[in-house]
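The values are calculated or read from the model by the stated rules, or taken from the named source; none is laboratory data. Computed from a predicted structure; not experimentally measured. Here the Cβ positions follow ideal geometry from the backbone for every residue, glycine too, while neighbour counts run over all protein chains shown. We work out accessible area using only protein heavy atoms, side chains counted, and drop any ligands, DNA or RNA first. Shrake-Rupley method; radii C 1.70, N 1.55, O 1.52, S 1.80 Å.
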Amino acid sequence: MHKPELLAPVGSKEALIAAVENGADAVYFGGQGFSARHDAALLPDELEWAIDYAHINKTKAYVTVNTLIKDLELEEACEYFQFLCNAGADAVLVQDIGALKLLKEQLPQLPIHASTQMTVHNLEGLQFLENMGVKRVVLARELSLDEIKKIRSQTKTEIEVFIHGALCISYSGQCLWSSMISGKSANRGYCSQPCRRKYRINGAKGHLLSTKDLNISERIGYLIESGIDSFKIEGRLKHPEYVAGVVRIYRTLIERYIENPAKFQVSYDEKHTLRQLYNRGFTPGYFFMDPGGNLMSRKHPRNQGTYLGNVIKYDRERKFAYIHIEQPLRIGDGISTQGRGTGTTVRSMYIDNQSVESTPACAIVKIPMEKIVYRDETIFKTYDFKLMDPFRNKDIINKIPIKLSFTAKHGEPVTLCITDGENEITVTGDIPNKSKESPVSDDFITLHLQKLGNTFFEAKSIVINLEDNIFIPISRLNSLRRDAVKRLEEEHTRNWKRKCKKPGISFNTKKIKSGPLLSVNTYSLESCKAAIDGGADVVYFGGEQFKDDPLTKEDYYHAIEYGKKKEAEVEVYFGTPRIAKKIKKLNTDLNPDGFLVANPGALYHLNNSINEKPIVIDYTFNVFNRVAMTHYLDYCHRVTLSPELTLDEIKHIAPYGEVECIVHGFFPLMVSEHDLLGELFPDDRIHDALLEYDKHVTFPIRTDVQNRTYIMNHKELCMLDHIPDLIEAGVNCLRIEAGLYNKKTTGKLTKLYKNAIENRTNNHCSGKYFSGHYFSGV
């Protein structure tokens, strides 16, 4: 039976040790640059140590470089890639297609894993990356096990999936929400988690977008049987005890299932431990069915722990809570209220006014709590001190035992020989001095030779061969030891160390064929016609199909015909949805003028079909630098840049190819597989609404024909004031996102922008508009 790799998260040296000691086959971690978990980064001097520590303990080390890389950061990124290659990383996880291209072409010895941030959710998307030399793809968490198995059966590329930990409500890599409201980009490792906040929709309120945590422990056998190559645990921001506990349990479960599938089961203690380690409530995710409302933890966006008991009363004057507990409680445990998150670490507690260190189950306990709790309020145990003890890192590293043999004789250079049983190193020093007054002793030499500090070795035995009346300075003895240990480390690590060249970056300025053009992205036939009438050069039609106005094949046909009837023919491109688990014909039989492509699977399909129509790549590809842009231009004739780029950053990219930028409108900040409105209002059948954060901040919600949820930006983007600046920057095509507009507004905006482009003038943005990231970067 195929045994999958167990891949553990590492956010610190302590977590690394915990993962390795508890049975991880591989670990993943990031440095301080270009990592999607900026707050869980290893320091520069820790990275190579971490790789070496993992390898010495027969564990693979993958390094996350899974953020979008700005053009001016490419040189720094190339230096980082060279360092990781030389250090011996087993693979790097990447999101940026430019980084992927540099690695494949110039560092082929360093394997590449495609991050879940690349939103791979169909076979064609995987094949696109496969052709670029990607060794492994982390699939989107929204795929079912049946969909994964179909992909698995048609590729030799390794497949990795998440099996435990936090979930994102959005498809990873398709979320701009954090950056647009706070300037902290999820694509750059700084997600502010707006999905965990409280919201209101039509009377429903709570943490409406907060998901439960993934847990497939009880169904792990199905995933093992599917042939998935790697099981990934989420949690680089979690404490080492969490890493230790979750890794140990899943290690046990994998081995248990492989040994005897028929009798496999998860014990009560294992289930309890997983809940106690961390949970927002558990869900198996999308593996076996659409989880619907079971995906969500709308009352509890934080760790729930396990049920402890209920509040009997609260003494406001003395600030004591009286709690009827139903499980044992100890000093050092953490407790919290349900929902509100009011909690504390238990430092003291009392039964019948007697101080106690621990309590039995079913007791009334008095506990100091600064914040008020209310009668009958539910209390959870969020941290179990005793349960965590076996997982708590004792700073004990399994080191390699070595034998040391030291010889010092008169008239001969001193020698130190060290061996680990496989490798033997001998180093020589100076001829020792004679000294009857202060000779060194066996104990003195032993004391200094055994000081192996932060190395990977420990002295198992030390043999001293020392003649009388010899003096050796401490500094020379330490230098001899360090030299020998360094050479032994080199012997251990040379099997994975490499000598890699720094990737180089060079570009040729491409001749720009057209521009500036005006494009309008529309979702309805009426808005499409209004854009054509208003003077658009290109109209994108379709793409996302929403339930309130689904398109028919006749609508697509009429859109093409309407564009051809104008005196100056307007090109009508068909859009493709950003999420398409099954790539269909894309209406190529209707002969559109081109395609606006929103996911790599559709791009791969069109480039491998008989289609010869022009292709424009949408902003959903997250193009952030020249390397990414020039790569995609091999597959298309124009690239839409990421809306997270500033105008100054665009100036660095635009001269090297035809680029398009969104300059006006509402566009999705995130797309979720979850049918938010359908689950909240199953009887009302509403397909659009406003997500309200407060009275002044609301986000439009739309539901597509696949019941996916789209959340749009809360302010309307408007760049009418800066049209000459955009054109001067080299932008070839300016786009209006008109998906939420009626035909009147679409026509009006099209005329305004067409006039501004033709006359190189600034018009005034009136109302509650914003300029996105054009003047404030991420």
Subject >> Residues of the range 497-540 that turn out to be assigned to a loop (DSSP other than H, G, I, E, B), closer than 15 Å to G739 by Cα and open to solvent by 60 Å² or more (accessible area, probe 1.4 Å), as a count >> reply: 0
Original post:
Given the structure, is N611 surrounded by fewer than 20 Cβ atoms within 10 Å (Cβ to Cβ), farther than 29 Å from D725 by Cα and touching a Phe, Trp or Tyr at 6+ places or on another chain (Cβ under 9 Å)?
Top reply: yes
Subject >> Every pair of residues 6+ apart whose Cβ atoms lie under 7 Å, when the first sits in the range 245-256 and is over 11 Å from N215 (Cβ atoms) and touching a residue at least 60 places away in the same chain (Cβ under 8 Å) while the second is open to solvent by less than 10 Å² (accessible area, probe 1.4 Å) and part of a helix (DSSP H, G or I) >> reply: G245/L277; V247/A19; I254/I220; I254/I224
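With E554, E544, E569 as the choices, which residue is on the phi < 0 side of the Ramachandran plot, of a type in the set (D, E, K, R) and assigned to a helix (DSSP H, G or I)? Please lay out each step first, then the result.
Working: E544 fails: assigned to a helix (DSSP H, G or I); E569 fails: assigned to a helix (DSSP H, G or I).
Checking each option against the conditions leaves just E554.
Let's see how each residue does on (1) open to solvent by 40 Å² or more (accessible area, probe 1.4 Å); (2) touching a helix residue (DSSP H, G or I) at 6+ places or on another chain (Cβ under 6 Å); (3) of a type outside the set (D, E); (4) assigned to a loop (DSSP other than H, G, I, E, B):
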position	(1), (2), (3), (4)
P439	yes, no, yes, yes
S461	yes, no, yes, no
S479	yes, no, yes, no
A484	no, no, yes, no
L488	no, no, yes, no
Subject >> Scope the range 71-121; condition open to solvent by less than 20 Å² (accessible area, probe 1.4 Å), farther than 30 Å from V671 by Cβ and either among the small types (G, A, S) or part of a helix (DSSP H, G or I) (or both); matching residues >> reply: C78, F81, L84, C85, A87, G88, A89
**OP:** Pick out the one residue from V627, V671 that is over 23 Å from G504 (Cα atoms) and at pLDDT 95 or above.
**Re:** V671
**OP:** Could you please find all residues in the range 113-130 being of a type outside the set (A, V, I, L, M, F, W, C) and in contact (Cβ under 8 Å) with a residue 40 or more places away in the chain?
**Re:** H113, S115, T116, Q117, T119, H121, N122, E124, G125, Q127
Subject >> Number of positions in the range 224-272 that are within 23 Å of H113 (Cα to Cα), over 21 Å from the mean Cα position of the chain (by Cα), open to solvent by 10 Å² or more (accessible area, probe 1.4 Å) and of a type in the set (A, V, I, L, M, F, W, C) >> reply: 0
**OP:** Could you list, in sequence order, all residues of the range 134-150 that are in contact with a Ser or Thr (Cβ under 9 Å, 6 or more places away or on another chain) and open to solvent by less than 30 Å² (accessible area, probe 1.4 Å)?
**Re:** V134, R136, V137, V138, L139, A140, E142, L145, I148
**OP:** Identify the residue in the range 1-24 that is farther than 9 Å from V243 by Cα and either in a strand (DSSP E or B) or aliphatic (A, V, I, L, M) (or both) and, among all such residues, is modelled with the lowest pLDDT.
**Re:** M1
Original post:
Is one or more of the residues making up the range 426-433 in contact with a His (Cβ under 8 Å, 6 or more places away or on another chain), in contact (Cβ under 8 Å) with a residue 40 or more places away in the chain and surrounded by 15 or more Cβ atoms within 10 Å (Cβ to Cβ)?
Top reply: yes
Original post:
Among the listed residues G772, G767, G730, which satisfies the condition of being small (G, A, S) and more than 25 Å from G575 (Cβ to Cβ)?
Top reply: G767
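For every residue, the table says whether it meets (1) within 28 Å of G31 (Cα to Cα); (2) in contact with a helix residue (DSSP H, G or I) (Cβ under 8 Å, 6 or more places away or on another chain); (3) modelled with pLDDT under 95; (4) open to solvent by 10 Å² or more (accessible area, probe 1.4 Å).
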site	(1), (2), (3), (4)
I181	yes, yes, yes, yes
Y190	yes, yes, yes, yes
Q193	yes, yes, yes, yes
R200	no, no, no, yes
G206	no, no, yes, yes
T211	yes, yes, no, no
I216	no, yes, no, no
R219	no, no, no, yes
Y222	no, yes, no, yes
**OP:** Being surrounded by fewer than 20 Cβ atoms within 10 Å (Cβ to Cβ) and more than 40 Å from the chain's Cα centre (by Cα) narrows it down to one of A363, A408, so name that one.
**Re:** A363
Subject >> Residue list for the range 441-451, filter: in contact with a strand residue (DSSP E or B) (Cβ under 6 Å, 6 or more places away or on another chain) and either within 25 Å of I397 (Cα to Cα) or not charged (D, E, K, R) (or both) >> reply: I445, T446, L449, Q450
**OP:** From the list D549, D589, pick out the single residue that is in a loop (DSSP other than H, G, I, E, B), more than 20 Å from L749 (Cα to Cα) and open to solvent by 10 Å² or more (accessible area, probe 1.4 Å).
**Re:** D549
